[in-house]
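One structure, as structure tokens, below. Some questions next.
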Amino acid sequence: MPTSLTRRVTFAAAHRYRRPDWTEEENVRVFGACAHANYHGHGYVCDVTVEGGIDPVTGFLVDLALLDRVLDEEVRRRFDHRNINLDVAEFADGLLVPTGENLARFIFARIQARLEPSVRIRTVRLAEDATLWVTHEAE
């Protein structure tokens, strides 16, 4: 039976929802205030839950130093105090709209690619504030 471990990382970032192939009117109709040209920001809380077996020698599910390094590089350094639309290439206009759903899925994939094969991400939970969060789960 697998064991799970959750690590939390936080970051502050600005973004706006916009599709460059739509008119400004269409963007505002679909995305509302989140489409405004001045951007808006959040204090994100990102919980990453990994699962796997416990190593009988170390007693660890995951090398926590490795997990922390990956979270720092793939989440904190990539997003903290950034404008996601302008500073994160994968979310530049015309690519991914920086919704919570897309951010959680992106973070999931980036972290999973850097972990040992014996460790699987179960969920990435990304909260924009205390009232709104998205959870991306393993299939």
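How much of the accessible area of the chain, in percent, comes from carbon and sulfur atoms when a 1.4 Å probe is used?
Numbers: 4160 of 7880 Å².
For the chain, the apolar C and S fraction of the accessible surface comes to 53 percent.
Oh, and also: Kirkwood-based Rg over Rh for the chain (C-alpha set), two decimals?
Working: Rg = 16.6 Å, Rh = 16.0 Å.
My calculation puts Rg/Rh at 1.04.
In whole angstrom, and with the biggest value first, how far do the Cα coordinates of region 59-139 range along each principal axis?
Projected onto the principal axes, the Cα atoms of region 59-139 cover 43, 24, 23 Å.
Taking the Cα-to-Cβ direction at L64 and at D129 and moving 7 Å from each Cα, how far apart do the two end points lie in nm?
Computed distance between label sites L64 and D129 equals 3.3 nm.
Moving on to the next point. Suppose all protein chains stay in the model; what accessible area per residue would a 1.4 Å probe give for the chain, in Å²? Display every interim value, and only then the final one.
Working: 7880 Å² over 139 residues.
With all protein chains present, the chain gives 57 Å² per residue.
Any chance you could list P(r) for region 94-139, counting all Cα-Cα pairs in 10 angstrom bins from zero, rounded to whole %?
The distribution over region 94-139 is 27, 48, 23, 2, given as percents.
Using a 1.4 Å probe, how large is the accessible area of D129, given in Å² and rounded to the nearest 10?
70 Å²
F31: accessible area at probe 1.4 Å, nearest 10 Å²?
40 Å²
What ranking do 49-59, 11-21 get when scored by the average of other Cβ atoms within 10 Å per residue, highest first? Numbers along the way, then the final one.
Values: 49-59: 12.9, 11-21: 17.1.
Final packing ranking: 11-21, 49-59.
Still on this structure, I have one more. Please tell me the relative contact order of the chain in percent, rounded to the nearest whole number, where contacts are Cα pairs under 8 Å and at least six residues apart.
Details: 237 pairs, mean separation 42.4, N = 139.
Across the chain, relative contact order equals 30 percent.
The values are calculated or read from the model by the stated rules, or taken from the named source; none is laboratory data. Keep in mind the model is a prediction, meaning the values are calculated, not measured. Note: ideal-geometry Cβ built from the backbone for every residue, glycine included; neighbour counts use all protein chains shown. Keep in mind that these areas ignore ligands, DNA and RNA; they rest on the heavy atoms of the full protein, side chains included. Shrake-Rupley method; radii C 1.70, N 1.55, O 1.52, S 1.80 Å.
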